[in-house]
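Undergrad: Sharing a structure here in structure tokens format.
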């Protein structure tokens, strides 16, 4: 069987089973946003993401500082989804030999801008040559609270909520790859959403403080990531399409397609979480960003999207998976 | 300027200067074998290495278990060179969609074989698609001794020593890429040396216990890596060619070229270290592998290789550097 037939998630499941280890310190192994283990005095978190030219970003469209920002941001977002604090980053760069040194330093400038905003130290990495740009960032963090957010603790009856607005990153990718034209405000918002997402680090910590146990960051798409929570927690989920906080500029620019971008586009790096209504009310009061309830966890499995009348909507493909066509 | 003009090491120096951070916990940032920072109760170590098809390994020659072993081994070797204990690994895989799932699982089998020998847990990673195989492994470890081996503490008058024998990995690469034929014993040894190096973890810890302060693992080549110690410690080094422990099978197979393979070939993953003769004698007594004195640290800079009469030998290019031709 080829990996294109098994798919990214099938392959992860298979490798996770192989790598099962007898390690009493290990709290979360393969299959969550980040790995977690018991450190000397706090829970240690570690995550890695590859960022490969023409796979994760279109060549020649991103500026180098944007690439640096995003390659780090997606990892900080994984730490945010555990409720942790990012501390250190290792940056592995593979570059074509004809790359300009100035481009590499401005890539670092973009990465360092975000790193410094969050007190993250770039402590190491490696450099090699390659036929295309490959950026691989590892982020180490911790959670002094002795608790973390996981994907596997959702329970039927809990509400599903999301931070911020959705769809702008997917709108950015559509705009850039299809060369769509919008007004300056929308153009700037979509580009920023795709290349310079804001990892929700403070919000992840706030969720943990307020008693939330289950969260994931939206990287593959709201429905695909909700499905990850469902699979890990052995529950189903029902999302009310009308309640999904679609970014208003996306609605204005994309009309009927906006909902699809918000549900399946991915890369918004907002936090998707589940909790009781009491806990979610506390989160709403404490959070400095919008927090919107979009549905509920139910017994069973799979993610259903329903319209105002409760009728299921067919969303087709639910999100990004490597090795399968989008 | 292009990165091919600045070179790998120049680029690392440049980025290290940019990434300088005000972080009192950081002990070693960019530029040593691994990053190190003060954890809650021990020094934390972290290292990452990319392993890219046709750059780090020739396509179609390595078996998948060998690839898995080596991608992890080079990182464990970096932890060994700090005197630390490796604990966790994150594995980032990028694969062409037509890759066979069985190949990926046997890659994991090779990696897990080595991981389990050293009590290392594969705790996470990520998977994506790419036009060629890219394996990126991060290893986290620690040093409970509150001390680590670094590159920057060598002093004039110290002796230079190396574990094991050198040249077999470079012999393996020559054999595989040039399709050279040797007897079965040499063939097996050269292939194993190139694809399944043994990280010197116990030896790294032993060096630290016996009072060694300066070490590096031989990845780019003895002379290139010794030059890294020299640069970091602001000292020079003199190596006596006759004392270099060239692998006997390499001598037998390559004759006069064997010394060059041992000095500049790299990828042997032996430990190169400096210390007083008293400390090195203690290391020799305690070590279960050969430990050979090959020269001494001197004031000044650069690495000189001398023959039996003390006359300098010109070794040409001293080792592997990315972006420059070998």
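Read-outs throughout are calculated quantities, based only on the coordinates presented, and are distinct from any laboratory measurement. Every value quoted in this text rests on a predicted model; they were computed, and no experiment measured them. No Cβ is skipped: glycine too gets one built from the backbone with ideal geometry, and neighbour counts run over all protein chains shown.
Undergrad: Measuring label to label, 7 Å along Cα→Cβ, what does residue A:185 give against each other copy in nm, shortest first?
TA: 8.1
Undergrad: Over chain B, with a Gaussian network built from C-alpha contacts below 10 Å, which listed residue (B:254, B:195, B:273) shows the highest mean-square fluctuation?
TA: Judging by the Gaussian network model, the answer is B:254.
Undergrad: Turning to a different aspect of this structure: Averaged over B:12-22, how many beta carbons belonging to a partner chain fall within 10 Å of each residue's beta carbon? Each step should come with its number before you reach the end.
TA: On the way: counts 5, 0, 4, 12, 3, 1, 7, 11, 3, 9, 3.
Counting Cβ atoms of other protein chains within 10 Å of each residue's Cβ and averaging gives 5.
Undergrad: Average projected area of the Cα convex hull of segment A:159-313, in nm²? Let's see the in-between values first.
TA: Details: hull surface 35.9 nm².
Dividing the Cα hull surface by four gives the mean projection, 9.0 nm².
Undergrad: Then there is this: Between residue B:14 and residue A:306, what FRET efficiency comes out of the Förster formula 1/(1 + (r/R0)^6) with R0 = 60 Å and r the beta carbon distance, rounded to 0.05? Show your work: numbers first, answer last.
TA: Details: r = 55 Å, r/R0 = 0.91.
Efficiency at R0 = 60 Å is approximately 0.65.
Undergrad: Determine the percent antiparallel among the DSSP beta bridges restricted to the protein assembly as shown, to the nearest 5.
TA: 75
Undergrad: Let me ask something else about it. Helix-only mean residue ellipticity at 222 nm, the protein assembly as shown, DSSP H runs n ≥ 4 weighted -39,500 (n - 2.57), per residue, nearest 500. What is it? Walk me through the numbers before you get to the answer.
TA: Details: 20 runs with 236 residues, N = 652.
Estimated from H runs of four or more residues: -11000 deg cm²/dmol.
Undergrad: Ordered by packing density, taken as the mean number of other Cβ atoms within 10 Å over each peptide's residues, highest first, how do B:185-191, A:298-304, A:72-78 rank?
TA: A:72-78, B:185-191, A:298-304
Undergrad: Suppose a student asked you for the relative contact order of segment B:32-143, using Cα pairs under 8 Å spaced at least 6 residues apart; what percent would you report?
TA: This gives 42 percent for segment B:32-143.
Undergrad: If packing is taken as the mean number of other Cβ atoms within 10 Å per residue, what is the order of A:96-102, A:5-11, highest first?
TA: A:5-11, A:96-102
Undergrad: GNM, chain A, Cα, under 10 Å: largest mean-square fluctuation among A:119, A:60, A:221?
TA: A:60
Undergrad: Compute the relative contact order of chain A as a whole-number percentage, counting only Cα pairs closer than 8 Å that sit 6 or more residues apart in sequence.
TA: 22
Undergrad: Between segment A:55-112 and segment A:227-257, what is the C-alpha centre distance in whole Å?
TA: A separation of 28 Å, based on Cα centres.
Undergrad: Against the empirical 2.2 N^0.38 Å scaling, what ratio does the C-alpha Rg of segment A:32-143 come to?
TA: Working it through for segment A:32-143, the quotient is 1.07.
Undergrad: Peptide A:91-104: average number of partner chain Cβ atoms within 10 Å per residue?
TA: 6
Undergrad: Over chain B, what portion of Cα pair distances is larger than 34 Å, expressed as a whole percent?
TA: Value for chain B: 20 percent of Cα pairs lie more than 34 Å apart.
Undergrad: Considering only DSSP beta bridges whose two residues both sit in chain A, what percent are antiparallel, to the nearest 5?
TA: So the antiparallel bridges in chain A amount to around 75 percent.
Undergrad: If I build a Gaussian network model for chain B, linking alpha-carbon pairs within less than 10 angstrom, which residue out of B:142, B:227, B:23 has the largest mean-square fluctuation?
TA: B:23
Undergrad: A follow-up question, please. Go ahead and run the numbers for FRET between residue A:100 and residue A:177, Cβ-Cβ distance against an R0 of 30 Å, rounding to 0.05.
TA: Details: r = 24 Å, r/R0 = 0.80.
In this case the efficiency is close to 0.80.
Undergrad: Give the relative contact order (percent, whole number) for segment B:172-326; include only Cα pairs under 8 Å separated by 6+ residues.
TA: 32
Undergrad: For residue A:113, go 7 angstrom from Cα along the Cα-to-Cβ vector, then report the distances to that same point in the other copies in nm, smallest first.
TA: 4.8
Undergrad: Note down the nm distance, to one decimal, between modelled labels 7 Å out along Cα→Cβ at residue A:276 and at residue B:313.
TA: 7.6
Undergrad: Using a 10 Å cut-off around each Cβ of peptide B:130-140, what is the average number of partner chain Cβ atoms that fall inside?
TA: 6
Undergrad: Taking each label point as 7 Å beyond Cα in the direction of the beta carbon, state the distances from residue B:40 to the same residue in the other copies, shortest first, in nm.
TA: Sorted ascending, the copy-to-copy spacings read 1.0 nm.
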